[in-house]
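One structure is given below, encoded as structure tokens.
Bear in mind that the values in this text are calculations on the coordinates, not laboratory data. Bear in mind that the values here come from a model prediction, so they are computed numbers and not experimental data. All Cβ positions, even for glycine, are placed from backbone atoms using ideal geometry, and neighbour counts span all protein chains on display.
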């Protein structure tokens, strides 16, 4: 019975350890403790970077992640620790890009990081990701030639990695050529657009898993878009329709932008062929996907198209409804832009306030944890006193044995509860090492101590009981 209880105790510890390992909040607390307890400043730099990543996942709309990355950058700069600087700069770039939509700041951080990646043995994945982010910003800002140069540099690394990375690079390179052709058709970049997009399509087509099916659909939509831009509407329609049906619809829904693009083209195509009802149906689907994607430009374009489709159909009331919505959304987009500018201006102040709030929350958590531990300790002491009292009463020995064993399990569990965070810190959350330490504690300390304490408890509660 005792061995079963001990085994159950160990299994419970392993389950708790795994649960805590997967808990983002627990990881944050663990990393904060490491930052406070470690003397190695280079390690602290990496810990700050990891803290920033966890905060960014747990609080995606918060500036706390940026603050931790900034702390890491300042420490790495002081130490001239190039790897730490590059990682923290990349993380600050990610936050400014995805959270604050501050492309200027993000580009500056990414560019600084890119200049450091050759000064230490960085992985191809790190370099490729950084080049891709720089290229994406240039693309979004309309600097397509610069974006093309960086996407090509990314491809030089991607071809040493895996097919998925190659497909993404080919798609991005094709998109840049498509934009360049749109700006100046005399340069005849459309053939290059088709070549790279078709390469991506052919490679994606050879794969069967879900990721590659998404790439295949993306490639197919880009090919169709290229045909549409050339005025080859019938060929574009057949290309769009190739996968816009049946089982592939769910993959389109996983890419709202391509679902929107396809529906809007279908709506225009049917309108061109005077199939007004079909154009309205696809126009409304396009608007639905634009709202799902949250892109104001797509929403405005879909509403404008629907207004024209209904006007062409003769339904002026509904056309006016969509026109009114378009004007309202334009106003919302303008206000949203101003709000984002204000948010960027107040970035440092927001970071400071959230840091203070975060510290207050952490102090509160620590106080609550200390009170909880104290309460558990007092309960265990009270339970032992109850055992001593019951030991002087006429109670069956089986009941006393059960209560005594329960007391010992509670006490050892309490000890483990106190030790576990420290063990996790010492072992850097290495699950194998933690398992061996817990088994060692159970076998070499807890089990022998269990017998001694059991004898001591029995001596304290020994009495004559009913048979």
Using Cα pairs under 8 angstrom and six or more residues apart, how large is the relative contact order of region 196-303, in percent? 18
Can you list the equivalent-ellipsoid semi-axes of region 124-254, largest first and in whole Å, using the square root of 5 times each Cα gyration tensor eigenvalue? 23, 21, 11
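Between residue 386 and residue 209, what FRET efficiency comes out of the Förster formula 1/(1 + (r/R0)^6) with R0 = 60 Å and r the beta carbon distance, rounded to 0.05?
0.50
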Inter-label distance, nm, simple model (7 Å from Cα along the C-beta direction), residue 297/residue 101: 1.1
So residue 415 and residue 379, fully extended at 0.36 nm per residue minus their Cα-Cα distance, gain in nm 11.6 nm
Label point distance in nm, residue 202-residue 126, each placed 7 Å from Cα along Cα→Cβ: 3.6
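Assuming R0 = 25 Å, can you tell me the calculated FRET efficiency for the pair residue 281 and residue 317, based on Cβ-Cβ distance, to the nearest 0.05? Display every interim value, and only then the final one.
Numbers: r = 18 Å, r/R0 = 0.73.
In this case the efficiency is close to 0.85.
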